[in-house]
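S.K.: Quick one: the structure is below, and I'll ask about it shortly.
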Amino acid sequence: MKIAVTSASGKLGASIVKHLIDEIGSDHVIGIARTPKKAQYLGVEVRKGDYNNKAEFDVALQGIDTVLLISGMDDPQKRIQQHRNVIEAAIGNRLKKIVYTSIVGEEEKNAFSPVVKSNRQTEKDIQNSGLQWAIGRNGIYIEPDLEYIKTYVQEGGIVNCAAEGKCAYTSRVELGIAYAKMLIEEGHNGNIYNLVGEPITQNQLAATINQVYNTNLVYNSVSVPAYAAERKAALGDFFGTVIAGIYEGIREGANDVPSDYEKVTGRPHKSTLEMVHEFKSEL
């Protein structure tokens, strides 16, 4: 069996490669990256593959049985065709199965919805591909909040527009474990899973960070327009709109969803406290 992981140079891709190696050995895992040298440290064969270049994927997927398609980071309309380049190359190379990293969220109700909607289109494209398939809908990663702790301390707390909305966070480690199972085990074929942990509020997130890092963070909620304006000023229109839209979605309940994680891995998703401890221990 040969399993390929796209975007292997990214943090999620690297986690999935690592957990696949643990399951089936490095000889059976292929990394695909736009810049292969950035993924060579993973200890597997790495092939070149840019989502914008179908011809590269026609070559990269030769001899592959199953491919993991990690959702791209480009503009929503661009990424639909980028993902189709991979799907079409998989069909052309007669792969058996494709697994896709989608995302939890609402398709219409907030500024993040165009991203979610583009992912839903890719889900449909995969389901109509004629290949065996499995789809994970990822929760929001907890790592960016933890990487931002020094800034939170400097600013006196966590500020966003989520209000009392709950978010079922996950981590790249937990997702790496789940996707390795989905790639290897046939029992997951034809299923869409919410890969998330327990839903928590931003106040609960701040309290958990305080418990582990001995900080004194408080949570301050602001309006959606105010947060969107601040994020756009800091990150530019595209990423500022996306980030503000994520927290707008949390505010509206888009990320308060039931978890299918145990169905995939055979164990409950790690708690928020466990994920924060794990992140700190890896630094």
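The values are calculated or read from the model by the stated rules, or taken from the named source; none is laboratory data. Keep in mind it's a predicted model, so treat the numbers as computed, not measured. All Cβ positions, even for glycine, are placed from backbone atoms using ideal geometry, and neighbour counts span all protein chains on display. When the accessible area is computed, the model is the full protein with side chains, heavy atoms only, and any ligands, DNA or RNA have been set aside. Shrake-Rupley method; radii C 1.70, N 1.55, O 1.52, S 1.80 Å.
S.K.: Alpha carbons only, please: Rg and Dmax for segment 38-163, in angstrom.
M.R.: According to the Cα coordinates of segment 38-163, Rg and Dmax are 17.5, 54 Å.
S.K.: Still on this structure: Could you look at the chain and say what percent of its accessible area is carbon and sulfur, using a 1.4 Å probe and all protein chains?
M.R.: 49
S.K.: When all protein chains stay in place, what accessible area (Å², nearest 10, 1.4 Å probe) is found for Ile135?
M.R.: 0
S.K.: Within the set Lys78/Lys263; Lys78/Lys280; Lys11/Lys117; Lys150/Lys181; Lys37/Lys232, which residue pairs have Cα atoms separated by over 29 Å?
M.R.: Over 29 Å Cα-Cα: Lys78/Lys263; Lys78/Lys280; Lys150/Lys181; Lys37/Lys232.
S.K.: Let me ask another. Quick one: Debye curve from the C-alpha atoms of segment 228-278, no solvent, what's log10 I(q)/I(0) at q = 0.25, 0.30, 0.31 Å⁻¹?
M.R.: -0.87, -0.98, -1.00
S.K.: Based on the inverse mean of 1/r over its pairs of different Cα atoms, what is the Kirkwood hydrodynamic radius of segment 124-250, in Å?
M.R.: 16.5
S.K.: So between Gln127 and Asp75, what do we pick up on full extension, going 0.36 nm a residue minus the alpha carbon distance?
M.R.: 16.5 nm
S.K.: Ok, one more. Select from segment 76-139 those GluC sites (Glu not before Pro) which occupy a DSSP coil region and have at most 11 other Cβ atoms within 10 Å, ordered by residue number.
M.R.: Glu108
S.K.: Also: Once phi is turned into ³J(HN,Hα) by the Karplus curve 6.51 cos²θ - 1.76 cosθ + 1.60 with θ = phi - 60°, what whole-Hz value does each residue of segment 106-113 show in order, with x for glycine and proline?
M.R.: Once rounded to whole Hz, the list reads 8, 7, 10, 8, 8, 5, 8, 4.
S.K.: Scan (1) 71, 71, 34; (2) 70, 69, 44; (3) 53, 36, 34 for the value of Cα extents along the principal axes in Å calculated from this model and give just the label.
M.R.: Calculated Cα extents along the principal axes in Å: the matching label is (3).
S.K.: How many nm is it between the label spots at Lys37 and Glu262, if each spot is 7 Å from the Cα in line with the beta carbon?
M.R.: Inter-label distance under the simple model: 4.8 nm.
S.K.: So if we plug the beta-carbon distance of Leu235 and Glu185 into 1/(1 + (r/R0)^6) with R0 = 41 Å, what FRET efficiency do we get, rounded to 0.05?
M.R.: Working from the Cβ atoms, E equals 0.60.
S.K.: What list of ³J(HN,Hα) couplings, whole Hz, do you get for segment 224-236 from phi and the Karplus terms 6.51, -1.76, 1.60, once you set θ to phi - 60° and write x for glycine and proline?
M.R.: 4, x, 5, 5, 4, 5, 5, 5, 5, 5, 7, 10, x
S.K.: To continue, here is another question. What does the extension gain come out to for Lys11 and Gln204, with contour length at 0.36 nm per residue minus their alpha carbon separation?
M.R.: This chain segment gains 66.9 nm when fully extended.
S.K.: Expected output is a single nm value to one decimal: the length gained when fully extending between Lys280 and Glu147, i.e. 0.36 nm times separation in residues minus the C-alpha distance. What is it?
M.R.: Once the chain is fully extended between Lys280 and Glu147, it gains 46.9 nm.
S.K.: So, one more: If Lys2, Lys117, Lys37 are ordered by their accessible area, calculated over protein heavy atoms with a 1.4 Å probe, which sequence runs from highest to lowest?
M.R.: The ordering from most to least exposed comes out as Lys37, Lys117, Lys2.
S.K.: Counting only C-alpha contacts under 8 Å and six or more residues apart, can you give the relative contact order of segment 136-283 as a whole percent?
M.R.: Once normalised by length, the contact order is 35 percent.
S.K.: Right, another one. May I ask you to evaluate 6.51 cos²θ - 1.76 cosθ + 1.60, the Karplus curve with θ = phi - 60°, for each residue of segment 267-283 and list the ³J(HN,Hα) values in order in whole Hz, giving x for glycine and proline?
M.R.: With the stated coefficients, segment 267-283 comes to 9, x, 4, 4, 5, 4, 4, 5, 5, 5, 4, 4, 4, 5, 5, 8, 6 Hz.
S.K.: May I pose another question? With the other protein chains left in place, how much accessible area per residue, in square angstrom, belongs to the chain at a 1.4 angstrom probe?
M.R.: 44
S.K.: When only Cα pairs under 8 Å and 6 or more residues apart are kept, what is the percent relative contact order across the chain?
M.R.: Normalised by residue count, the contact order of the chain is 18 percent.
S.K.: Given the chain, what percent of its DSSP beta bridges are antiparallel, to the nearest 5?
M.R.: Within the chain, antiparallel bridges account for around 5 percent of the total.
S.K.: With axes computed from alpha carbons, what is the tilt in degrees of helix 11-24 against the longest principal axis of the chain, rounded to the nearest 10 within 0 to 90?
M.R.: Between helix and principal axis, roughly 50 degrees.
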